[in-house]
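The values are calculated or read from the model by the stated rules, or taken from the named source; none is laboratory data. Predicted model, so just to flag it, every value in this text is computed and none were measured. As a convention, Cβ positions derive from the backbone with ideal geometry for all residues, glycine included, and neighbour counts pool all protein chains shown.
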Amino acid sequence: MSQQQKSVTVIGLGPMGQAMVRSFLKAGVEVTVWNRSPEKAEAMAELGATRAATVAEALDANEVAVLSLTHYAAMYDVLGPVTDRLRGKVIANLSSDSPGKAREGAAWVRSHGAEFLSGGVMSAGDDIEHPASYIFYSGPREVFDEHARLLLPLSPQEYLGADDGLAQVFYQGLLTIFHPWLLAFDQATAMIAKSGHDIARFVPFAVRSSAAFPHFMQEFSVANQNGGWADVASLKMMDAGAQHIIDASAEVGVDATFSRTAQEYWRKAVAASADAGRAVSPFELLRDGSPAK
Ligand SMILES: NC(=O)c1ccc[n+]([C@@H]2O[C@H](COP(=O)([O-])OP(=O)(O)OC[C@H]3O[C@@H](n4cnc5c(N)ncnc54)[C@H](OP(=O)(O)O)[C@@H]3O)[C@@H](O)[C@H]2O)c1
């Protein structure tokens, strides 16, 4: 970052934007804030941020503006009326959305004369100071390099490449893993509780067993680069295994919709294998929709 860059604008003050403001302030960066609902900006002003009365004022205050909004559509709502203030600015949109929306957003911002970076905040909830938290960035390398130091208080950085959608490709990939994990954890712990047992006693075993996940990820990484893992006997065993989970959940009245969805994939792979005359992996089904014969 250039020597004089010790200040930044943050637009969007949900839990994530507020965490970002606190981290910037803690690092000695001056922060100007704007939020659609003014009370959140007031709360940040009490911590030492400067509250801009308008989006235009927030943009005028600094070269770099970090956006932390629900989605990219909100960026057009916020910046659309003040596009004349964008020339010469750097917009770092750290909101979540699809890669396509990030690419469109990047082109739109640049069409108004500003630089653009896209980011995916891979944090432990809104705890951006957690040791596991980091941020994916994509966009022009020189723009990232120029502003990386300013943005560093937000979390360690992983610059992925020039494709504006890339941060969101990796971010959404990781969330694709996280969402089912969270629901599966809820189903498992509901089953433990409804079985009359102690969630706190169960969880250390869940943590211990999850130590095998990196091993599986390595193995499946190799398999999925080569069409995916498939063995018909194992696919049938997974179908039977899913049924055991469904039964265990049903016995104590826990919703097993999620396990039924998993079972559908094992069954689809068994059926597709029979059709294709070869073992077809769930990876291949997810990737291609239907197997190549
Ligand atoms: N929170 C987390 O744990 C977490 C973790 C990683 C990544 N993220 C991502 O970080 C981003 C922000 O997260 P968050 O939890 O702070 O989200 P949030 O609670 O949805 O808040 C986002 C902000 O967007 C503003 N906003 C939404 N729609 C708007 C519109 N049409 N016009 C103007 N402002 C609008 C909200 O303003 P108002 O206050 O006026 O409603 C709020 O300030 C999201 O993309 C989220 O997916 C969040």
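From the list Glu63, Glu57, Glu42, Glu30, which one is without any contact (Cβ under 8 Å) to a residue 12 or more places away in the chain and out of contact with any Cys (no Cβ under 8 Å at 6 or more places or on another chain)? Don't jump to the end; show me each part of the working.
Details: Glu63 fails: without any contact (Cβ under 8 Å) to a residue 12 or more places away in the chain; Glu57 fails: without any contact (Cβ under 8 Å) to a residue 12 or more places away in the chain; Glu30 fails: without any contact (Cβ under 8 Å) to a residue 12 or more places away in the chain.
Going through Glu63, Glu57, Glu42, Glu30 in turn, just one is without any contact (Cβ under 8 Å) to a residue 12 or more places away in the chain and out of contact with any Cys (no Cβ under 8 Å at 6 or more places or on another chain): Glu42.
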Is it the case that some residue within the range 147-168 is touching a Pro at 6+ places or on another chain (Cβ under 7 Å), within 15 Å of the ligand (Cβ to nearest atom) and without any contact (Cβ under 8 Å) to a residue 40 or more places away in the chain? no
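When the range 30-50 is examined, which residues are found to be away from the ligand (no atom under 13 Å from the Cβ) and crowded, with 20+ Cβ neighbours inside 10 Å? It would help to see each step written out before you state the result.
Of all residues in the range 30-50, those away from the ligand (no atom under 13 Å from the Cβ) come to 30-32, 45-50.
Matches in the range 30-50: Val31, Thr32, Ala49.
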The residue from Lys40, Lys26 that alone is under 20 Å from Pro153 (Cα atoms), among the basic types (Lys, Arg) and under 25 Å from the mean Cα position of the chain (by Cα) is Lys26
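Return a yes/no flag: does the range 197-213 have any residue that is of a type outside the set (Lys, Arg), at negative phi and touching a residue at least 40 places away in the same chain (Cβ under 8 Å). If you could, list the steps in order and put the result at the bottom.
Keep residues of the range 197-213 that are of a type outside the set (Lys, Arg), which gives 197-200, 202-207, 209-213.
Now narrow it down to the ones that are at negative phi: 197-200, 202-207, 209-213.
From what's left, touching a residue at least 40 places away in the same chain (Cβ under 8 Å): none.
No, the range 197-213 has no match at all.
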Filtered residue count, the range 219-243, keeping only those that are loosely packed, with under 15 Cβ neighbours inside 10 Å and outside any helix (DSSP H, G or I): 3
Given (1) hydrophobic (A, V, I, L, M, F, W, C); (2) within 26 Å of the chain's Cα centre (by Cα); (3) surrounded by 11 or more Cβ atoms within 10 Å (Cβ to Cβ), Ala211 misses just (3)
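Give Arg267, Arg201, Arg260 a once-over and let me know the one that is loosely packed, with under 13 Cβ neighbours inside 10 Å and outside any loop (DSSP other than H, G, I, E, B). First the steps, then the outcome.
Details: Arg267 fails: loosely packed, with under 13 Cβ neighbours inside 10 Å; Arg260 fails: loosely packed, with under 13 Cβ neighbours inside 10 Å.
Exactly one of Arg267, Arg201, Arg260 is loosely packed, with under 13 Cβ neighbours inside 10 Å and outside any loop (DSSP other than H, G, I, E, B), namely Arg201.
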Identify all residues within the range 125-168 that are of a type in the set (A, V, I, L, M, F, W, C), surrounded by fewer than 20 Cβ atoms within 10 Å (Cβ to Cβ) and closer than 24 Å to Lys26 by Cβ; write none if there are none. Ala132, Ala148, Leu152
Filter result (surrounded by fewer than 20 Cβ atoms within 10 Å (Cβ to Cβ) and of a type in the set (Val, Ile, Thr)) within the range 90-121: none
Screening Leu150, Leu166 for residues that are touching a strand residue (DSSP E or B) at 6+ places or on another chain (Cβ under 7 Å) and more than 23 Å from Gly14 (Cβ to Cβ) leaves only Leu166
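Kindly establish whether Asp288 is modelled with pLDDT under 95, at negative phi and loosely packed, with under 14 Cβ neighbours inside 10 Å.
Numbers: modelled with pLDDT under 95: yes; at negative phi: yes; loosely packed, with under 14 Cβ neighbours inside 10 Å: yes.
The answer is yes for Asp288.
Tell me, please, whether a residue that is of a type in the set (A, V, I, L, M) and away from the ligand (no atom under 16 Å from the Cβ) can be found in the range 65-85. Break it down into steps so the answer makes sense when it comes.
Initial filter on the range 65-85 (of a type in the set (A, V, I, L, M)): 65-67, 69, 73-75, 78-79, 82.
Right, trim to away from the ligand (no atom under 16 Å from the Cβ) and you get none.
Checking the range 65-85: not a single residue is of a type in the set (A, V, I, L, M) and away from the ligand (no atom under 16 Å from the Cβ).
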Could you list, in sequence order, all residues of the range 108-123 that are in contact (Cβ under 8 Å) with a residue 12 or more places away in the chain, more than 16 Å from the ligand (Cβ to nearest atom) and of a type in the set (Gly, Ala, Ser)? Gly113, Ala114
